[in-house]
1. Could you tell me which of A:55, A:356, A:532 has its Cα farthest along the dipole of the protein assembly as shown towards the positive end, charges placed at Cβ (Lys, Arg +1; Asp, Glu -1), taken about the Cα centre?
2. I want to check the label-to-label distance for residue B:33 and residue A:325. Put each point 7 Å from Cα in the C-beta direction and report it in nm to one decimal.
3. Ignoring everything except DSSP H segments at least 4 long, calculate the 222 nm mean residue ellipticity for chain A; use -39,500 (n - 2.57) per segment, divide by total residues, nearest 500.
4. Going 7 Å from the Cα of residue A:251 in the Cα-to-Cβ direction, what parts of segment A:123-149 have a backbone nitrogen less than 19 Å from that spot?
5. Whole-Hz ³J(HN,Hα) for each residue in segment B:26-32, computed from phi via Karplus 6.51 cos²θ - 1.76 cosθ + 1.60 with θ = phi - 60°, x for glycine and proline: what do you get?
6. Could you pull out every residue, at least 5 positions away or on a different chain, whose amide H is within less than 5 Å of the one on residue A:56? Hs are placed 1.01 Å off N in the peptide plane, and Pro or chain starts have none.
7. Skipping prolines and chain starts, which residues have an amide H placed within reach, meaning under 5 Å, of the one on residue A:150, given they are 5 or more residues away or on another chain?
8. Using a 7 Å offset from the Cα along the Cα-to-Cβ direction at both residue A:189 and residue A:349, what is the distance between the two label points in nm, to one decimal?
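Just so you know, all these numbers are worked out from the coordinates, no wet-lab data involved. Predicted model only: the values in this text are computed from it and were never measured. Positions of Cβ are backbone-derived with ideal geometry, glycine not excepted, and every protein chain shown enters the neighbour counts.
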Amino acid sequence: MLRIKTIHMKNFGAFKGDQSFDLPDEEGVSIFYGENMRGKTTLLNAFRFALIGKIIGRGRRQVSFHDMINWEARSEGERSFEVRIDLMHAGAEYRLTRTCKPKKGTPDPAVHDDYVTEYFLERGGHILSPQQAELELERILPEQISRFFLFDGELLQEYEDLMHSESDIGRKISSAIERILGLPTLTKSRDSLKAALDRAEANVALAAQGDQKTREYGNQLQSLVDERDILTKDLFRQESELDELRGRKAAIEDDMRRRERMGALFDKRDRLNEEIDALKQHVDERIEEVKIAMNSAWSAVIRTRLKAAVDEHRKRENELQSLVNRAQILRELADGDEQSCPTCLQTVTEEAQEIIRAQLPTGDEKASSEAQRELASVRRRLDALDEQLAKANPEALRQIWRSLETRKLEIYAKQGEIEEIERQLSSDAEDELRGLRREYDSVFRQITALETGVAETGEKLEENANYRDKIQKSLDKLAGGETDLAIKRRDYTSRVHALFAASVDTYREQLRHRVEADASRFFQQLTTEPEYAGLRINDSYGLTIVHRDGSDIPVRSAGAEHVVALSLVAALQNNAQLRGPIVVDSPFGRLDGGHRANIVETLPDMADQVIVLVYEEELPPARAREALKGRLRAEWTLERQSARHTELVKQ
Amino acid sequence: MVTEKLTDKKTIGITSANERVLTDLVVAGHFGSEIEAAKFAMAQAIEAGTERGTSEGAGTKWNVGSLDPDGALKAVVEALYPEEKLPYRLVEHLMNEGLRLCDKGDALPPDVAGMVISLAKEE
């Protein structure tokens, strides 16, 4: 059981100067509260840096050492940082100190590669030699399994994705899980017995060569054993190369997964640019239409007033026309130009003409001509108004402009999206991504070739084993004396090897069932869905949610992935030979209140020592105290001193 | 008592303050010329209910012959302002008032799209 007692940081990220804190000896949960950008992830990285020498940022990207020196301290001339932790493991006290400083001959370091890290390990107050220190660290907390002890809650869901996939990262994680669970103890024994069996077979050949009756078989067997040794060596070499390449492929896959989003962003940016080009063409076409339409825009603006003016003028035109007509008719009747009345068609007598003349107003000539002039003026204006009204089409104008504005807005929106994307992309990220894809293809080809080689060597070994088996059987019939003894030793070793080989499978199966049972138990504690009965494990430790009717839940939300992964971590801790503390940043991810409450209550059961990094809104201190009660051992706050300086304050 | 000038204008001008607005309006409204933009500004003033008046400080920009070759502008203004005896003087006033209404300050161009899209719909 590994327990962290104290951590001491010097100019590590936001933690300026020397800052340290002691963790309680009692089992339970310690909580560090900090708002965004106060250094919670940095604190997780302090543990990670001390234990495995790595600093990982969001998206699992390795952070440059140069950027991890406290900025204020760096501006004051500081060029290094250090993290020291005091540990207890199997009753012994350890102190691990890891320092990062500029390489020799680099007075002005500026990038990650300008730095070098060094560490030393003390056990019981005595400094261990580098070799001893390396062995001890590998024993206490191997890097491969650190992801199950120190993790960012927001990345949890990836584990489950990986374990369900056939990726090399998935295989690595499965192997790390088996390592935590202690399977290598058994597999190493099995492999040692295989080596012993090979030696026993070689001894049989040697003994047979010493006997006249069996010499011929002994020679053949020796030659087959020699061939087997060569093939086995070849197979080891190939497998070791394959392992290395798979490791490289896993790292590239990991990198590519991380950059998958970046690749998608590049594609999206290119697509947006194409869409913007098409929209700009539309805008240009609309502008040509707008230019034509705007020639008569002024009429459209006052169309309502024009219509009202037309109505008024039309009315006035009618009035004036009647006035002019009446005056003209009366004049014609008075002057006798017209013999009969145009209305009743009766003849107009002299007396009637006299009456009409008497009714004619004085100055009539002048009034009539004024009315005629006004009528002409009204008609001129009417013509102009009609002409403008015909041109005025506000609806068409409105539609053209609306279409133009809509497209312009679409362009602005897309340009905004592009700006946002470009903020997320570094300038050389595109080249890096292409390089990564090329490297992936090359590694993939090499792996395929090596896998073929491994299969061929395996076939040859099998053929060799068949021959050896035949010769062994012939030898068994003829053997006596030394050969007989050697055969007995070989048979005994063979049986023990077979026993261990079978025990590996049996133990693996038992482990999987234990992990499945524990993960199911934790899952039921964590989930808020009463119809979920538990989890089912597959060969690579991937977990599937099982409904209470026995069917699998095929599709899972991000929240469900998160809960399943937490269940797995808890189950692994419960079954691990290498037990340790859990340090988790943002354990709640995007989970809702019900799940959060369940997680808080389950945290103390997940490991003996649990260190949680949260912001107060995520887990209000009052709620944490109420839920954890006596199992909440300590609380700290990450307090802002400046944008680049945070202090740890105990509550 | 102010006596109305008896002769109408032969040339129309834009005040120096409105020159910038006119330039911006041409661009923002995709107008083919400054005259079309000035007519649009005039229409804005009419629609806003601007009353008769005169503009002081307007220079000489267009000859009325080139501004209103078919007399349509004059006829429309006379129709909408029947009591006006000096229509081109009023046209000048309305154009300058319209430009003043379109002014959004140095930083922003006139919102032609807004003005067009919010045009009164037919009943």
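1. So the residue furthest toward the plus end is A:55.
2. Going from the residue B:33 label point to the residue A:325 one covers 4.2 nm.
3. Result for chain A, helices only: -21500 deg cm²/dmol.
4. Under 19 Å, as judged by backbone N against the label point of residue A:251, lie A:142-147 of segment A:123-149.
5. In residue order, the calculated couplings are 4, 5, 5, x, 6, 7, x Hz.
6. A:63
7. Distant-sequence amide H within range of residue A:150: A:583.
8. Calculated label separation equals 15.3 nm.
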